[in-house]
Amino acid sequence: MNKNTGFYGEVMPLTRLQDGKAMPIYRDAGVYFDEAGMRTERQMKVNGQTFFVTSVFPTVAIATPTEKIIKLIDLDVMKKAE
């Protein structure tokens, strides 16, 4: 296990091209494709506790990661203002 990240495998993924796009491949992760997009599953240990991490990458994104984080920040600011 990598003590810096808590992951069991490497932190530098292999890459492969699929449909003209670079796809990261981790040897310690399960990668699943379906009509909705791609899903990866990994295990991570933090302070002795095991967590199962799932990342979902939809085929068609409705917003960029930056747009999503800005929306979350705006919602948090509005909650605090109430």
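Every number here is computed from the coordinates shown, using simple stated rules; none is lab data. In this text, all values refer to a predicted model and were calculated from it rather than measured experimentally. Here the Cβ is made from the backbone with ideal geometry for all residues, glycine too, and neighbour counts use every protein chain on show.
Assorted remarks:
- Approximate spin-label separation Val46-Arg16, in nm, with each point projected 7 Å along Cα-to-Cβ: 3.0 nm
- Taking every lysine pair in the stretch 14-81 that is 8 or more places apart or spans two chains, those with Cα atoms closer than 28 Å amount to 7.
- Charge dipole (Cα centre; +1 on Lys/Arg Cβ, -1 on Asp/Glu Cβ; no other charges) of the stretch 14-81 amounts to roughly 240 debye.
- With the convex hull of its Cα atoms as the shape, the stretch 14-81 has an orientation-averaged projected area of 7.1 nm².
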